[in-house]
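Throughout, read-outs are computed from the coordinates displayed, never taken from laboratory work. Since the structure is predicted, the reported quantities are computational estimates derived from the model, not experimental observations. So basically every Cβ, Gly included, is an ideal-geometry build from the backbone, and we count neighbours across all protein chains shown.
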Amino acid sequence: MSIGTTYRISDVCLLVDNIERTVAFYVDKLGLRLRRRAEGFADFHGEGVTLAAWEIDHINRHTGVSKLRSPRHAHKVCVAVMLDSPGEIDRLYIELTAKGVPFQGPPEDYVWNARCAYFTDPDDTLWELYAWLDGGPGDYHDEQP
């Protein structure tokens, strides 16, 4: 049995410093709909994978998971959102920039054949908006047994 072929990833939970600040960012700036809210925790409606946020001090108190934090601007995860077209990247970049979402720069076409734009949330989680250019993602390069 293999996690990658037997089960699907159902949730991505971001460990955050301040749940109120995180909820405000994802609801007010990105337009996500809050699904559940509890002390130190929230998750949001979405297609496919559920995005959740959990205050790092709260998870530490209840589970013993380390509360050691990475230094500011140290990215440990990139959450990627695939859009239908490169034009949507440009449209969302303009819309989200107007709401104060901090992008790394304007959208660009990259060598992996995608148009992408990158921004961070209040805890420096890196987000990628991407759409495949003509030709799509190309072939997979791993060998299947």
Item to check | For segment 80-91, 3J(HN,Hα) per residue [Karplus equation, 6.51 cos²θ - 1.76 cosθ + 1.60, θ = phi - 60°, Hz, x = Gly/Pro] | outcome: 10, 10, 8, 9, 6, 8, x, x, 5, 4, 4, 5
Next on the checklist: Among 68-79, 94-105, how do they line up by average Cβ neighbours within 10 Å per residue, starting with the highest?
Outcome noted: 94-105, 68-79
Checklist outcome for this item: Between the modelled labels at Arg37 and Asp124 (7 Å from Cα along Cα→Cβ) the distance in nm is 2.8 nm
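Treating the beta-carbon of each Lys and Arg as +1 and of each Asp and Glu as -1, no other charges, what is the dipole magnitude of segment 1-69 about its Cα centre, to the nearest 20 debye?
Using only the charged Cβ atoms, the result is roughly 60 debye.
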Next on the checklist: Suppose we keep just the alpha-carbon trace of segment 72-145; what are its Rg and Dmax in angstrom?
Outcome noted: 13.8, 48
Item to check | Translational diffusion coefficient (Stokes-Einstein; Kirkwood radius from C-alpha pairs) of the chain at 37 °C, 0.692 mPa s, in µm²/s | outcome: 193 µm²/s
Item to check | Positive dipole terminus of the chain, leading residue within Tyr118, Val27, Pro107 (C-beta point charges) | outcome: Val27
Item to check | Gyration tensor verdict on segment 1-69 (Cα atoms; rounded if a/c is under 1.5, prolate if a/b is larger than b/c, oblate otherwise) | outcome: oblate
Checklist outcome for this item: With R₀ set to 35 angstrom, the calculated FRET efficiency between the beta-carbons of Arg72 and Thr50, to the nearest 0.05, is 0.85
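Is the C-alpha gyration tensor of segment 45-100 telling us rounded, prolate or oblate? Criteria: a/c under 1.5 is rounded; beyond that, a/b larger than b/c is prolate, otherwise oblate. Present the calculation step by step, with values, prior to reporting the outcome.
Values: a/c = 2.89, a/b = 2.03, b/c = 1.42.
Prolate.
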Next on the checklist: If I model a spin label at Ile94 and Thr63 as a point 7 Å from the Cα along the Cα→Cβ vector, what separation in nanometres do I get?
Outcome noted: 4.2 nm
Checklist outcome for this item: Magnitude of the Cβ-charge dipole (Lys and Arg +1, Asp and Glu -1) of the chain about the Cα centre, nearest 20 debye, reported as 660 debye
